[in-house]
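See structure below.
The values are calculated or read from the model by the stated rules, or taken from the named source; none is laboratory data. Quantities reported herein were computed from a predicted structural model and do not represent experimental measurements. Please note: Cβ atoms are built from the backbone with ideal geometry, for glycine as well, and neighbour counts cover all protein chains shown. Note: areas computed on protein heavy atoms with side chains; ligands, DNA, RNA excluded. Shrake-Rupley method; radii C 1.70, N 1.55, O 1.52, S 1.80 Å.
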Amino acid sequence: MKIKKVLNNNVVWAENEHAKEIVVMGRGIAFQKKVGDEVDEAKIEKTFIMRSNEMSEQLMELLNEISPKTFRVADDIIQYAKETLDAELSDNIYITLTDHINFAVSRHRQGLDMKNALLFEIKRFYHKEYCIGLKALGMIQEELGVLLGEDEAGFMALHIVNARQDGQQMRTTFEMTRIVQDILNIVTYHYGMVLDETSLNYTRFVTHLQYFAQRMLTDEIKESGDDFLYEQVRVKYPEAFRCMLKIDQYLKKYTPS
């Protein structure tokens, strides 16, 4: 494995025996090394292969700007998320989450912590990801010596949600969460009842709303032309139909924040 570029004493850009470009990390791995030298494999702690050249270049640019510790803790969080969720995440999270942690730590040290306006909704709709975010706070404190607030657990949860949706833009995730919350509020006020958030029916309903909001925001909703089903719902479930009309009016007026 030969060095193509030295990023710092602990990170190099290399090419392996299969001619694949790879990021290699390890304490002192690039000390007194230059382009063309062999990587000391005994010092390798982590390796990363991005699935696209564009992401590889973005990662290399980011690694030029941050400390290896920041990238290391981001990777630890990503691996923990993959194991906890038993799911693959988009490679893009290596860039987005690392960049977010770097700025969050920098802001915190300057006393400029950000409030998360969607924290309550994130806890409700993405509870597993939120718990991973809480775990991440401890990992960041242990590695970087900075204890970030609960709001950051919510932000990191959204990065994980985003990565599970094959790299949709973070703004889409925010808007999707907002739509789901607004529709739940309409249903709650229409029926004058508190929804049982522990029930299976509630979970199914929220999941349906999440997918609906995702399709709406990515222009993937198509007219079904099923007038029969529409009439059946209107006749057999008049109360639900009236609630649906309120939701319909809300969606027609909806504008992204």
Exercise for review: Output the residues belonging to segment 78-96 that are among the aromatic types (Phe, Trp, Tyr) and open to solvent by less than 60 Å² (accessible area, probe 1.4 Å).
Suggested key: TYR94
Check your understanding: Residues in segment 177-185: is at least one over 16 Å from ILE93 (Cα atoms), outside any helix (DSSP H, G or I) and hydroxyl-bearing (Ser, Thr, Tyr)?
Key -> no
Exercise for review: Inspect segment 204-214 for any residue being hydroxyl-bearing (Ser, Thr, Tyr), out of contact with any Ser or Thr (no Cβ under 6 Å at 6 or more places or on another chain), modelled with pLDDT of 85 or more and open to solvent by less than 60 Å² (accessible area, probe 1.4 Å) and give the result as yes or no.
Suggested key: no
Study note, to complete from the structure: When every residue in segment 128-175 that is at pLDDT 90 or above, of a type in the set (Val, Ile, Thr) and part of a helix (DSSP H, G or I) is compared, the one farthest from ASP76 (Cα to Cα) is ILE160
Check your understanding: Do the conditions hold for THR70, that is, is it open to solvent by less than 20 Å² (accessible area, probe 1.4 Å) and of a type outside the set (A, V, I, L, M)?
Key -> yes
Review point. Does ARG171 count as surrounded by fewer than 18 Cβ atoms within 10 Å (Cβ to Cβ) and without any contact (Cβ under 8 Å) to a residue 12 or more places away in the chain?
Key: no
**Study point:** Residue count for segment 243-257, restricted to those that are open to solvent by 50 Å² or more (accessible area, probe 1.4 Å) and either among the β-branched types (Val, Ile, Thr) or at positive phi (or both)
**Key:** 1
Exercise for review: Sort out for me the helices (runs of 4 or more DSSP H) sitting completely within segment 7-113 that have 1 or more residues that are touching a Leu at 6+ places or on another chain (Cβ under 9 Å), over 23 Å from GLY145 (Cβ atoms) and modelled with pLDDT of 80 or more.
Suggested key: 68-85, 93-109
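Okay, residues lined up against (1) of a type in the set (A, V, I, L, M, F, W, C); (2) open to solvent by 40 Å² or more (accessible area, probe 1.4 Å); (3) in contact with a Cys (Cβ under 8 Å, 6 or more places away or on another chain):
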| residue | (1), (2), (3) |
| --- | --- |
| ALA74 | yes, no, no |
| THR98 | no, no, no |
| ARG107 | no, yes, no |
| LYS115 | no, yes, no |
| LYS128 | no, yes, no |
| LEU134 | yes, yes, no |
| LEU158 | yes, no, no |
| ASN162 | no, no, no |
| ILE186 | yes, no, yes |
